[in-house]
Ligand SMILES: [Zn+2]
């Protein structure tokens, strides 16, 4: 709730994660829950990790911080699933807040980790890539084994389910969003796990000096805006108000707050306007946020 509103500008808490004061709030415990059909939330409070039960094995999306896997594992077990049954791990982008826990989760499950070509390179090497606009700022990740590359539009299948990779670069050169269908009885919803689209950077980096990155962002805004989308989920829970929707639904809100066929379009528009605001600040030489 309140913690979900914290960002890097939030209050400074005791540092359980060296170099990341806000990570303590992000890594606060979170009860797991069903989002819709066979899609479950198993992440920590501020950072998403999703579990999908295909009926013939589990798919895990993102692994949060290096300190998160014990909570993710416990959440999976609380829901009655076995981490051993995870057959695929999907990644959005290789920053420490979504990929920091992947090394441990991959070792636990032995599942292959699927990511874009650029992200796969970073995951295999560990650290932070020099082409990352935030190079020098995010904490380095541990190298991950058994990483496979996926192309834009490529489909990863498990059981009867299909998980489609969509290139959504900008925030990093290799950001990927994932889509799949989750069903309850005869109603199937189009699930979208949309990668971060915010223009974060290291101090001194100017997006206005990188037209190729601006082109990437625009392509990603258009892509996310056009995705068939009933349920929007995001790596940071607060970006899609994931936990607020869960709480409102638990309080009896109808229709289901998670179901919003305009959510992807609104997210893309908000991201586009955030980038425009950032470019305006760069133009007026105001300090970067
Ligand atoms: Zn990031």
* Looking at the stretch 147-159, is at least one residue closer than 23 Å to residue 110 by Cα, within 16 Å of the ligand (Cβ to nearest atom) and either modelled with pLDDT under 95 or assigned to a strand (DSSP E or B) (or both)? -> no
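Residues to consider are 97, 129; find the one that is part of a loop (DSSP other than H, G, I, E, B) and either within 16 Å of the ligand (Cβ to nearest atom) or under 23 Å from residue 239 (Cβ atoms) (or both). Step through it out loud before you land on a result.
Working: 97 fails: part of a loop (DSSP other than H, G, I, E, B).
Answer to the check: 129.
Would you mention how many residues in the stretch 181-191 are surrounded by fewer than 24 Cβ atoms within 10 Å (Cβ to Cβ) and touching a strand residue (DSSP E or B) at 6+ places or on another chain (Cβ under 7 Å)?
6
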* Selection from the stretch 242-281 of residues that are without any contact (Cβ under 8 Å) to a residue 60 or more places away in the chain, surrounded by 15 or more Cβ atoms within 10 Å (Cβ to Cβ) and not in a helix (DSSP H, G or I) -> 257, 260
* To do: Could you list all residues from the stretch 164-187 that are free of Cβ contacts under 8 Å to residues at least 40 places away in the same chain and either within 16 Å of the ligand (Cβ to nearest atom) or under 17 Å from residue 113 (Cα atoms) (or both)?
  => 164
* To do: Please specify each residue of the stretch 208-224 satisfying the condition of being more than 15 Å from the ligand (Cβ to nearest atom) and either under 20 Å from residue 31 (Cα atoms) or buried (at least 17 other Cβ atoms within 10 Å of the Cβ) (or both).
  => 221, 223, 224
* **Yes/no for residue 123 being within 16 Å of the ligand (Cβ to nearest atom), surrounded by 15 or more Cβ atoms within 10 Å (Cβ to Cβ), modelled with pLDDT of 95 or more and not in a loop (DSSP other than H, G, I, E, B)** => yes
* Selection from the stretch 101-114 of residues that are within 16 Å of the ligand (Cβ to nearest atom) and either out of contact with any helix residue (DSSP H, G or I) (no Cβ under 9 Å at 6 or more places or on another chain) or assigned to a helix (DSSP H, G or I) (or both) -> 102
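Let's see how each residue does on (1) touching a helix residue (DSSP H, G or I) at 6+ places or on another chain (Cβ under 6 Å); (2) touching a residue at least 24 places away in the same chain (Cβ under 8 Å); (3) within 15 Å of the ligand (Cβ to nearest atom):
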{"residue": "80", "(1), (2), (3)": "no, no, no"}
{"residue": "84", "(1), (2), (3)": "no, yes, no"}
{"residue": "90", "(1), (2), (3)": "no, yes, no"}
{"residue": "116", "(1), (2), (3)": "no, yes, yes"}
* Residues that are over 16 Å from the mean Cα position of the chain (by Cα): find the strands (runs of 3 or more DSSP E) completely inside the stretch 12-94 holding 1 or more of those. => 33-36, 50-53, 58-61, 86-90
* **Flag for residue 228 being within 18 Å of residue 167 (Cβ to Cβ), touching a strand residue (DSSP E or B) at 6+ places or on another chain (Cβ under 7 Å) and crowded, with 20+ Cβ neighbours inside 10 Å** => no
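The values are calculated or read from the model by the stated rules, or taken from the named source; none is laboratory data. Small disclaimer: the values here were computed from a predicted structure and weren't measured. Every residue, glycine among them, receives a Cβ derived from its backbone with ideal geometry; neighbour counts consider all protein chains shown.
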